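See below for the structure under consideration.
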Amino acid sequence: MIAKAEGKFIRISPSKFRQVCDLIRRKDVLAAESLLLNLNKRPKEPLIKILRSAMANAKVKGFNAEQLYVSKIICDSGPMWKRFKAAAFGRASSIKKRTSHILIELDVKTGA
């Protein structure tokens, strides 16, 4: 691990994040960023922000963006906001507004 960045308590469900995280796992940093910029999914904005933060952390350590790839990207579930909605016959049905924690780790490419 060369550099890492985290995003916590992001108000998008982890299942939606994992769809996008699978697309950029083990890709070059510049390829992952360009893929996210052209993607039409809601989790792309926070992921671009976290990826750029990890790239900036690597730059501070003296690494170039062309040398790096996304070695690890994890999406965990955060706390849920619990709300209630009126249902039939005077009951209440629960609504879980899910949050996510994202971790991105960058590493140096080895080999060719």
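The values are calculated or read from the model by the stated rules, or taken from the named source; none is laboratory data. Remember, it's a predicted structure, so these values are computed and weren't measured experimentally. Cβ: placed from backbone, ideal geometry, glycine included. Neighbour counts: every protein chain shown.
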Exercise for the section: Inspect segment 97-107 for any residue being modelled with pLDDT of 95 or more, over 23 Å from Met1 (Cα atoms), in contact with a strand residue (DSSP E or B) (Cβ under 6 Å, 6 or more places away or on another chain) and not β-branched (Val, Ile, Thr) and give the result as yes or no. Expected result: yes
Problem - Residue match in segment 23-34 (condition: of a type in the set (S, T, N, Q), in contact with a strand residue (DSSP E or B) (Cβ under 8 Å, 6 or more places away or on another chain) and either surrounded by 12 or more Cβ atoms within 10 Å (Cβ to Cβ) or part of a strand (DSSP E or B) (or both)) - result: no
Exercise for the section: Test Ser77 against the criterion of being surrounded by 13 or more Cβ atoms within 10 Å (Cβ to Cβ) and more than 16 Å from Lys27 (Cβ to Cβ), and give yes or no. Expected result: yes
Problem - Inter-residue pairs, beta-carbon under 9 Å, first without any contact (Cβ under 8 Å) to a residue 24 or more places away in the chain and in segment 1-23, second of a type in the set (A, V, I, L, M) and surrounded by fewer than 18 Cβ atoms within 10 Å (Cβ to Cβ), 6+ apart - result: Leu23/Leu35; Leu23/Leu39
Fill in the blank from the handout: Taking segment 35-55 and keeping residues loosely packed, with under 15 Cβ neighbours inside 10 Å and part of a loop (DSSP other than H, G, I, E, B) leaves Asn38, Asn40, Lys41, Arg42
Fill in the blank from the handout: Residue hits (segment 73-96; under 16 Å from Pro14 (Cβ atoms) and either modelled with pLDDT under 95 or of a type outside the set (Ser, Thr, Tyr) (or both)) are Ile73, Ile74, Cys75, Asp76, Gly78, Pro79, Met80, Trp81, Lys96
Problem - Matching entry among Glu6, Glu66 (being surrounded by fewer than 14 Cβ atoms within 10 Å (Cβ to Cβ), modelled with pLDDT under 95 and not hydroxyl-bearing (Ser, Thr, Tyr)) - result: Glu66
Handout entry: Test: Val29 is of a type outside the set (S, T, N, Q) and touching a residue at least 60 places away in the same chain (Cβ under 8 Å)
Key = yes
Exercise for the section: With the condition kept exactly as written, say whether any residue in segment 81-97 is in contact (Cβ under 8 Å) with a residue 40 or more places away in the chain, aromatic (Phe, Trp, Tyr) and in a strand (DSSP E or B). Expected result: no
Exercise for the section: For segment 1-22, enumerate the residues that are part of a helix (DSSP H, G or I), touching a Pro at 6+ places or on another chain (Cβ under 6 Å) and of a type outside the set (A, V, I, L, M). Expected result: Lys16, Phe17
Exercise for the section: Report whether or not Lys96 is of a type in the set (D, E, K, R) and surrounded by fewer than 11 Cβ atoms within 10 Å (Cβ to Cβ). Expected result: yes
